[in-house]
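Just below is one structure, and these are the notes that go with it.
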Amino acid sequence: IFRETLSKRGVRVLTGLGKYFRQIDKNRNGFLSQAALKEALKVFHLEMPEGDFESLWLILADTKSDKVDYGEFTRAIFGEMNEYRKAFVRKAYMKLDFSKTGSVPMVDVRKCYCAK
């Protein structure tokens, strides 16, 4: 049911959730507590019965930290990218990685992309 709700509301919900997750992740570690995830779902009108939430949490949460990696959360809900999209991302990354180091500093991203 949760996946169906998200698929009907599409990309705006996914991008909105991602932005919201980054805003509430104060220490920028990419992880959310159970309360933070529950609140985020509520903000985006994605509430679910408590039993379903507990099942989702058990599947996604890291047992050591008792937190959810929000990247893993989005992959679990939406799945992996298809091969066409992966190839497109690889091609874009290769253009951004001028020095072929395997990482792209923000200064290089700014040379190629303007968000205005």
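The values are calculated or read from the model by the stated rules, or taken from the named source; none is laboratory data. Keep in mind the model is a prediction, meaning the values are calculated, not measured. Cβ: placed from backbone, ideal geometry, glycine included. Neighbour counts: every protein chain shown. Side chains included, ligands, DNA and RNA excluded: accessible areas come from the protein's heavy atoms. Shrake-Rupley method; radii C 1.70, N 1.55, O 1.52, S 1.80 Å.
Quick check: is even one residue across region 55-66 touching a Lys or Arg at 6+ places or on another chain (Cβ under 9 Å) and touching a residue at least 24 places away in the same chain (Cβ under 8 Å)?
yes
Just to be sure, is residue 40 closer than 16 Å to residue 18 by Cα, out of contact with any Pro (no Cβ under 7 Å at 6 or more places or on another chain) and aliphatic (A, V, I, L, M)?
So residue 40 passes the test.
Please tell me if residue 73 is assigned to a helix (DSSP H, G or I), closer than 20 Å to residue 15 by Cα, not assigned by the TED database to the domain that holds residue 15 and not charged (D, E, K, R).
In short, no.
Within region 69-88, can one find any residue that is hydroxyl-bearing (Ser, Thr, Tyr), open to solvent by 70 Å² or more (accessible area, probe 1.4 Å) and within 28 Å of residue 103 (Cβ to Cβ)?
For region 69-88, residues hydroxyl-bearing (Ser, Thr, Tyr), open to solvent by 70 Å² or more (accessible area, probe 1.4 Å) and within 28 Å of residue 103 (Cβ to Cβ): present.
Picking from 101, 74, which residue would you name as being of a type in the set (Val, Ile, Thr) and closer than 29 Å to residue 37 by Cβ?
74
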